[in-house]
1. Explain nothing, just the number: dipole magnitude of the chain about its Cα centre with +1 on each Lys and Arg Cβ and -1 on each Asp and Glu Cβ, in debye rounded to the nearest 20.
2. For the chain, what is the mean residue ellipticity at 222 nm derived from helices alone (per DSSP H run of n ≥ 4: -39500 (n - 2.57); sum divided by total residues; nearest 500 deg cm²/dmol)?
3. Just to check, using Stokes-Einstein with a Kirkwood Rh over alpha carbon pairs, what's the diffusion coefficient of region 1-95 at 10 °C and 1.306 mPa s in µm²/s?
4. For the chain, list the DSSP H helices whose alpha carbon atoms reach 24 Å or more along the long axis and whose average Kyte-Doolittle value is -0.5 or above?
5. Compute the signed sum of charges (Lys and Arg +1, Asp and Glu -1) over the other residues within less than 11 Å, Cβ to Cβ, of residue 209.
6. When only alpha-carbon atoms are used, what values of Rg and Dmax, in angstrom, describe the chain?
7. Among 146-157, 105-116, how do they line up by average Cβ neighbours within 10 Å per residue, starting with the highest?
8. Using a Förster radius of 35 Å, what is the FRET efficiency between residue 248 and residue 285 based on their Cβ-Cβ separation? Nearest 0.05, please.
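Every number here is computed from the coordinates shown, using simple stated rules; none is lab data. Everything numeric here is computed off the predicted structure, so don't read it as measured data. Using ideal geometry, Cβ is built from the backbone for each residue, glycine included, and neighbour counts are taken over all protein chains shown.
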Amino acid sequence: MREIGIGIVGGGYMGKAHSVAMSSVGAIFDTYLRPRLQMICARTNTTAEKYRKAYGFKTATSDWNVLVKDPAVEAIVIATPQTEHREIALAAFAEGKPVFCEKPLGSSLEDARIMTDAADASGLPNMVGFNYIRTPASQFVRRYLANGELGRVTWFRGEHTEDFLSDPQTPASWRCTSMSNGTLGDLAPHMINAALALMGPIRSLMCEYETVHEKRPGGDVINDDHAQIMCRFDSGAMGHMYFSRVATGRKMGYAYEIHGTKGSVRFDQEDQNSVWLYRSEGPEAERGFKQILTGPAHPDYEPFCQGPGHGTGYQDQIIIEARDFLLAIEKNKSYWPSFQDGLQVAKVVDAALHSGEKRSWVNLA
């Protein structure tokens with residue numbers, strides 16, 4: 001067991017989540033590497049110092065360059081808006097430091113390609129923060145599919161729907177300012193990552209997107225409020241995905257349904273400790289979807305709780321990510337999802353944007 005100095009760039013919503021995760025991961029998973037909260041970076045010295053005291057870091061700064069170059073910082077977590085990911089990641093790799101980057105990998109396909117090239121050239125461990133696919137329930141579904149339990153998979157439906165901008169009187173913010181901050185750039189990567197993880201590569205797609213509320217108090221909206229993708233996977237299966245930040249009533253609608261020749265499965269993040277499974281076996285009169293409550297028999301559940309049905313939460317997903325990042329550093333190899341996986345998501349988003357512009361099908365090959 002040895003300590004490793006962690007530097008986190010960004011102290012807000014995700015910065016706090018990663019700080020708490022790094023504080024907890026050693027006790028929960030008994031990791032060989034034990035994080036030391038070395039330095040946190042925020043926009044101003046005042047906010048950086050506030051986060052330092054609140055989260056337990058040794059030092060704080062308002063200049064991410066200082067954090068990246070500090071010898072006591074041995075691994076870096078990027079928890080800033082996606083427009084800043086590229087510059088920070090490239091600097092970190094140049095200093096020889098492993099990088100965990102929040103999703104999406106960059107603000108464009110070009111960013112993602114440059115960051116992935118730098119990661120590959122460095123040979124350093126790297127990961128992207130697609131946390132929702134890490135619930136014990138979704139990990140179970142991924143293994144279930146990989147083992148062929150649903151037979152030949154024929155159809156996938158996924159969504160990532162929230163309602164934080166459903167009220168047209170909600171003031172305009174940075175989320176309304178560019179396509180990289182719109183629904184395809186911000187929410188869609190999570191479900192696209194899930195589709196790739198569960199179903200494999202996407203062969204072709206058609207996308208449409210639109211702005212529902214073009215004007216808000218304080219400014220115009222110049223990006224998409226919701227979008228939908230119809231796709232065909234390399235396996236031959238059909239698929240459909242819908243993403244929205246104006247889906248009234250939906251708070252964390254990260255959900256999917258998958259049909260196969262031997263059964264079906266359903267999952268909804270708003271009930272993240274349940275999977276609904278249908279198996280095409282037994283008398284027809286006795287068939288139906290069965291609710292499976294996650295427990296110690298499911299991946300990464302037992303370290304948090306020994307009671308079936310007691311459940312895990314959002315913060316636990318981030319702790320599982322922290323465990324994998326530390327393992328990647330310990331083993332000196334990248335764990336899934338790596339920058340390469342983030343690049344594949346960026347390719348799908350880019351194809352969707354082009355499809356929406358042309359209003360036609362796009363091949364991803």
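1. 440
2. Computed ellipticity for the chain at 222 nm equals -10500 deg cm²/dmol.
3. 121
4. 314-331, 339-358
5. -4
6. Reported Rg and Dmax, both Å: 20.7, 67.
7. 105-116, 146-157
8. The value I calculate is 0.35.
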